[in-house]
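See structure below.
Computed from the coordinates by the stated procedures, all read-outs in this text should not be read as laboratory data. Here the structure is a predicted model, which means the values were calculated and not measured. Reconstructed Cβ throughout: ideal geometry from the backbone, glycine too, with neighbour counts over all protein chains shown.
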Amino acid sequence: MSEHCTFCEILKNEKTASYVYEDNRTIAILDIRPINEGHTLVIPKKHYENLYEIPDEEVAYLFKIVKKVASAVKKVTNADGKSIFQNNGRAAGQVIFHVHVHIIPRYEGQRSHRLRCDASREKLDEVARKIRNQLTLST
Ligand SMILES: [Zn+2]
C-alpha cells in the first residue's frame, strides 16, 4: 500500500469511481478524463507500481479481465477499434503509480490521442451502468 495512491483510495472508498466490474482481485472503473466514451481502467486490487512488480499469475489474471471488459465495452460503444495499453514510468505517461490497463474505444478517422469527452459523474455512471449490464448479459 502506498500513500497518496488514487486507486488505493478508491479501493478504500475514500474516493468515488464509476465501477464497471469488480471481483476479489480486480476492479474496472471508468477513467475520469476519458479519451472517448467508455474509456475504462482495469486495476489489480493489490498495489503494484508497474508491470515489473506484478507477479506473472496476476498479469495473466488481469489480462483475462481486460479481455472480458474490453468485449463489453466493444458491444456498448460500437467502436471501430480498441486501444489497450499500459504505461510504465512518468516518461511513458504513467500518472498514477499503481499498475493499470487502459481500454480505449477508437473510431475510424480519429487521429488525436488527446481527445477528451464528457466526463461528468452522471455521464460516467450512465456509461458504467451500460457496460455492467453488458457484462452481466455475457456471463
Ligand atoms: Zn495503489
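Odds and ends about this structure:
- Computed from the C-beta positions of D80 and N13 and an R0 of 35 Å, the FRET efficiency is 0.45 to the nearest 0.05.
- Two-site label geometry, V59 and R121: point separation in nm, points 7 Å out along Cα→Cβ: 3.7
- Evaluated at q = 0.10, 0.15, 0.16, 0.19 Å⁻¹: base-10 log I(q)/I(0), Debye formula over Cα of the chain: -0.30, -0.71, -0.82, -1.18
- Per the Cα gyration tensor, segment 89-139 maps to an equivalent ellipsoid with semi-axes of 24, 17, 13 Å, ordered largest to smallest.
- Each Cα pair under 8 Å and six or more residues apart adds its sequence gap; the mean of these over the residue count of segment 6-137 is a relative contact order of 32 percent.
- Charge dipole of segment 6-137 (Cα centre as origin; +1 on each Lys and Arg Cβ, -1 on each Asp and Glu Cβ, all else neutral): 300 debye, rounded to the nearest 20.
- Amide hydrogen proximity for R106: with H placed 1.01 Å from N in the peptide plane, the residues at 5 or more positions away or on another chain lying under 5 Å are D80, G81, K82, S83.
- For T26, the amide hydrogen comes within under 5 Å of the amide hydrogens of K45, counting only partners 5 or more places away or on other chains and with H modelled in the peptide plane.
- Here the 3J(HN,Hα) profile of segment 38-52, calculated from phi with Karplus coefficients 6.51, -1.76 and 1.60 at θ = phi - 60°, is x, 4, 10, 10, 9, 9, x, 5, 6, 7, 10, 5, 8, 4, 6 Hz, Gly and Pro shown as x.
- Charge tally around E57: other residues with Cβ under 11 Å, Lys/Arg +1 each, Asp/Glu -1 each, net 0.
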